[in-house]
1. Out of every Cα pair in the stretch 128-203, what percent are spaced more than 20 Å from each other?
2. Hey, what angle do you get for helix 138-150 against the long axis of the chain, alpha-carbon based, 0 to 90 degrees rounded to 10?
3. Can you give me the distance in nm between label points at residue 8 and residue 92, each placed 7 Å from the Cα along the Cα-to-Cβ direction?
4. How would 31, 190 line up from fewest to most surrounding beta-carbon atoms within 10 angstrom?
5. If each residue of separation counts as 0.36 nm, what is the full-extension length gain between residue 193 and residue 40 once their alpha-carbon separation is subtracted?
6. Run the numbers for residue 169 and residue 104: contour at 0.36 nm per residue of separation, minus the present Cα-Cα distance, in nm.
7. Taking the Cα atoms only, what angle lies between the long axis of helix 39-49 and the longest principal axis of the chain, rounded to 10 degrees?
8. So how do 40, 139 line up by other beta-carbon neighbours within 10 Å, fewest first?
């Protein structure tokens, strides 16, 4: 399902105009840059994110063994998409939502002050990766990549997954439909060289 949206593929075929029928606002969405991420990766991660089992985490950890940066970049891009959908519905800016993301998983529960700083820092690193996807800033993405390589990718995966799960619950609880939007974008667009930014400010 792709939610209460109307879709119009751009003449170039590289993106869509997406209108939220509840708010009446629209935005332009394009596929992620092909040099960073395949659209098929995002669609797969989206399908796993909404599967009602513990298997998605196991599958993502398996994929991490092959290409951890591709998996994490796909997750960041998907979270950025959801932030844009929130902006589209509410008029609250996507970057504000991204800057509010925070890890509140089991590893943080009851953490001593020294460990609390670790989770604040990890949350900030994940937010930086999502903001890099949201803005399409290559330098910000390079900084994020260097942090992933320097630290343990499986820690990034755990923190990002927990943030994703919390965001899904929060946004679904406020009536936003997230499941299937990335798949809808993939169905309605084609890969092109040097396409525009993935996300445009809703209006």
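Every number in this text was worked out from the coordinates using simple rules, so none of it is lab data. Quick caveat, the model's predicted, so the values are computed rather than measured. Please note: Cβ atoms are built from the backbone with ideal geometry, for glycine as well, and neighbour counts cover all protein chains shown.
1. Numbers: 1468 of 2850 pairs.
Percentage above 20 Å: 52.
2. With rounding to tens, the tilt is 30 degrees.
3. A separation of 2.9 nm, rounded to one decimal place.
4. Working: 31 22, 190 13.
With the fewest neighbours first, 31, 190 line up as 190, 31.
5. Values: separation 153, 0.36 × 153 = 55.08 nm, distance 1.63 nm.
Computed gain between residue 193 and residue 40 is 53.5 nm.
6. Values: separation 65, 0.36 × 65 = 23.40 nm, distance 1.33 nm.
Full extension from residue 169 to residue 104 adds 22.1 nm.
7. Long axis of 39-49 versus the principal axis of the chain: about 60 degrees.
8. Values: 40 11, 139 8.
Sorted ascending by nearby Cβ count, the order is 139, 40.
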